[in-house]
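Visitor: Can you keep this structure in mind? I'll have questions shortly.
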Amino acid sequence: MLTASDLRGLTVMVPTPCKEGADGWDAVDSVDLEEAARMTEQLISAGIGAIAACGTTGECAALLWEEKRDFIDTLAQVNRKRVPIFAGATALGTKEVVRQMRGLREVGADGAFVGLPLWQTPTLENSVQWYADLGEAVPDLPIMVYANAMFFKSTFPTVFWEGIARKAPTVITAKVSYGIEHLREDLEVAGHRVTFQPGQREILPAYQMVGTRITAAWSTSAAMGPEPLVALMDAIRRDDARRAEQIWEDITSLPPQSLPGEHALHFPEYNAQLNRAFTNAAGYINAGPTRAPYRDLPERWQRQAVVHGQAWAALRAKYIRAGRPA
């Protein structure tokens, strides 16, 4: 079974490719499994460290259970245990999450990707016990905590991670989406058990804060082609601060994904749609249309996403050229 030390490099939060014309509420077989297989092989061949599937931009809320199961089955068959695959199993209650975790384990998932229950705001005690119960129910499937403050009604304070380290032994990693202000403290109380993965926008600041204790990081942008971020994580692994800063400058100089003046206010409304738009614009994979109910995206956001995706494709080409032998 995976442990925290097995998580290294770049974790890609992948989209769930959708067939053309299968984005409506009545579609029962929407997943483009052929494209999903191609996506998986491309990402692994490019040097990623892990895959996390069926999160927010993976449209977990828009998939039927059968679609999710077949998607993870496809990823696992292509992967052949080369990198860990964490399969999204977030649901409203413990019993349903346990059912999904067991089913995803059966089709080859290496771990579960699980957020807090979304209906009632969880208390700190409830939040820790949630993961303890999941570990008790499915002790042979490691868990990645989907620690997103925006969606899961928690700031994931250090005391939460202290509880996780004591009571939830199957939690081995976390998708950090709550800021890195107390990352050092989180590492102190749980770093021996949990690999904390900062998000793409915080990779370099996290490295500058705690050095090579950052061994893994997550990204949704990597679905446009992971090479720049693979290079960044390699520089961090080698503790090459100068190279890491150069790569960071390349990445952060790209046109933004969305309109800066509207991002903070409206990003939670357009997250999945925006991700799908710039992923398709980059041309690395064909993610297809977004599924109901998340299909609305203002034209001005669409235009900005296309600009960003095309710029990422050009940056990726630069890193592919740099990686080729002279």
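Every residue, every condition in (1) touching a Leu at 6+ places or on another chain (Cβ under 6 Å); (2) open to solvent by 30 Å² or more (accessible area, probe 1.4 Å); (3) farther than 30 Å from S45 by Cα; (4) touching a residue at least 24 places away in the same chain (Cβ under 8 Å), yes or no:
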residue	(1), (2), (3), (4)
I85	yes, no, no, yes
G88	no, no, no, yes
V98	no, no, yes, yes
M101	yes, no, no, yes
V145	no, no, no, yes
F152	yes, no, yes, yes
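Visitor: Condition test on R201, is it over 20 Å from V14 (Cβ atoms), open to solvent by 20 Å² or more (accessible area, probe 1.4 Å) and part of a helix (DSSP H, G or I)?
Guide: It is false that R201 is over 20 Å from V14 (Cβ atoms), open to solvent by 20 Å² or more (accessible area, probe 1.4 Å) and part of a helix (DSSP H, G or I).
Visitor: So which residues in region 207-243 are under 17 Å from L183 (Cβ atoms) and in a helix (DSSP H, G or I)?
Guide: Correct list: Y207, Q208, M209, V210, G211, T212, R213, M233, I236.
Visitor: Additional query: Only one of these conditions is not met by A62: (1) modelled with pLDDT of 95 or more; (2) surrounded by fewer than 20 Cβ atoms within 10 Å (Cβ to Cβ). Which number is it?
Guide: Of (1) modelled with pLDDT of 95 or more; (2) surrounded by fewer than 20 Cβ atoms within 10 Å (Cβ to Cβ), only one is false for A62: (2).
Visitor: Would you check if L104 is over 30 Å from R237 (Cβ atoms), touching a helix residue (DSSP H, G or I) at 6+ places or on another chain (Cβ under 8 Å), part of a helix (DSSP H, G or I) and among the aliphatic types (A, V, I, L, M)?
Guide: Details: over 30 Å from R237 (Cβ atoms): no; touching a helix residue (DSSP H, G or I) at 6+ places or on another chain (Cβ under 8 Å): yes; part of a helix (DSSP H, G or I): yes; among the aliphatic types (A, V, I, L, M): yes.
In short, no.
Visitor: While we're here: Condition check: farther than 20 Å from K19 by Cβ and open to solvent by 60 Å² or more (accessible area, probe 1.4 Å). Does R105 satisfy that?
Guide: So R105 fits the description; yes.
Visitor: So, one more: Is it the case, given these coordinates, that R316 is surrounded by fewer than 16 Cβ atoms within 10 Å (Cβ to Cβ) and either assigned to a loop (DSSP other than H, G, I, E, B) or charged (D, E, K, R) (or both)?
Guide: The answer is no for R316.
Visitor: In region 67-83, what residues are surrounded by 17 or more Cβ atoms within 10 Å (Cβ to Cβ) and within 14 Å of G49 (Cα to Cα)?
Guide: N79, V83
Visitor: So which strands (runs of 3 or more DSSP E) stay within region 1-100 end to end and still have 1 or more residues that are under 21 Å from P228 (Cβ atoms) and touching a strand residue (DSSP E or B) at 6+ places or on another chain (Cβ under 7 Å)?
Guide: Working: elements: 9-13, 50-53, 85-88.
Hits in region 1-100: 9-13, 50-53.
For every residue, the table says whether it meets (1) of a type in the set (G, A, S); (2) at negative phi; (3) open to solvent by 10 Å² or more (accessible area, probe 1.4 Å); (4) assigned to a loop (DSSP other than H, G, I, E, B).
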{"residue": "L134", "(1), (2), (3), (4)": "no, yes, no, no"}
{"residue": "D140", "(1), (2), (3), (4)": "no, yes, yes, yes"}
{"residue": "F156", "(1), (2), (3), (4)": "no, no, no, yes"}
{"residue": "V159", "(1), (2), (3), (4)": "no, yes, yes, no"}
{"residue": "G163", "(1), (2), (3), (4)": "yes, yes, no, no"}
{"residue": "A174", "(1), (2), (3), (4)": "yes, yes, no, no"}
{"residue": "I180", "(1), (2), (3), (4)": "no, yes, yes, yes"}
{"residue": "E185", "(1), (2), (3), (4)": "no, yes, yes, no"}
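Visitor: Here's a follow-up. With at pLDDT below 95, out of contact with any Lys or Arg (no Cβ under 9 Å at 6 or more places or on another chain) and open to solvent by 20 Å² or more (accessible area, probe 1.4 Å) as the only criterion, which of Q257, Q310 stands out? Break it down into steps so the answer makes sense when it comes.
Guide: On the way: Q310 fails: at pLDDT below 95.
Unique residue meeting the criteria: Q257.
Visitor: Please identify the pairs in which a residue from region 200-216 that is touching a residue at least 40 places away in the same chain (Cβ under 8 Å) has its Cβ atom under 8 Å from the Cβ atom of a residue that is among the acidic types (D, E) and open to solvent by 10 Å² or more (accessible area, probe 1.4 Å), counting only partners at least 6 apart or on another chain.
Guide: Within 8 Å, the pairs are L204/E245.
Visitor: With the requirement that a residue be open to solvent by 50 Å² or more (accessible area, probe 1.4 Å), farther than 16 Å from G58 by Cα and within 20 Å of the chain's Cα centre (by Cα), what does region 265-298 give you?
Guide: Across region 265-298, the qualifying residue is only G283.
Visitor: Moving on. Name the single residue that is nearest to T40 (Cα to Cα) among those in region 286-306 being hydrophobic (A, V, I, L, M, F, W, C) and out of contact with any Leu (no Cβ under 9 Å at 6 or more places or on another chain).
Guide: Going through the qualifying residues, I end up with A287.
Visitor: What single numbered condition from (1) in contact (Cβ under 8 Å) with a residue 40 or more places away in the chain; (2) under 28 Å from L183 (Cβ atoms) fails to hold for R300?
Guide: Only one criterion is unmet by R300, namely (2).
The values are calculated or read from the model by the stated rules, or taken from the named source; none is laboratory data. As the structure is a computational prediction, the values presented were derived from the model and not from experiment. Note: ideal-geometry Cβ built from the backbone for every residue, glycine included; neighbour counts use all protein chains shown. Only protein heavy atoms, including side chains, enter the accessible area calculation; ligands, DNA and RNA are left aside. Shrake-Rupley method; radii C 1.70, N 1.55, O 1.52, S 1.80 Å.
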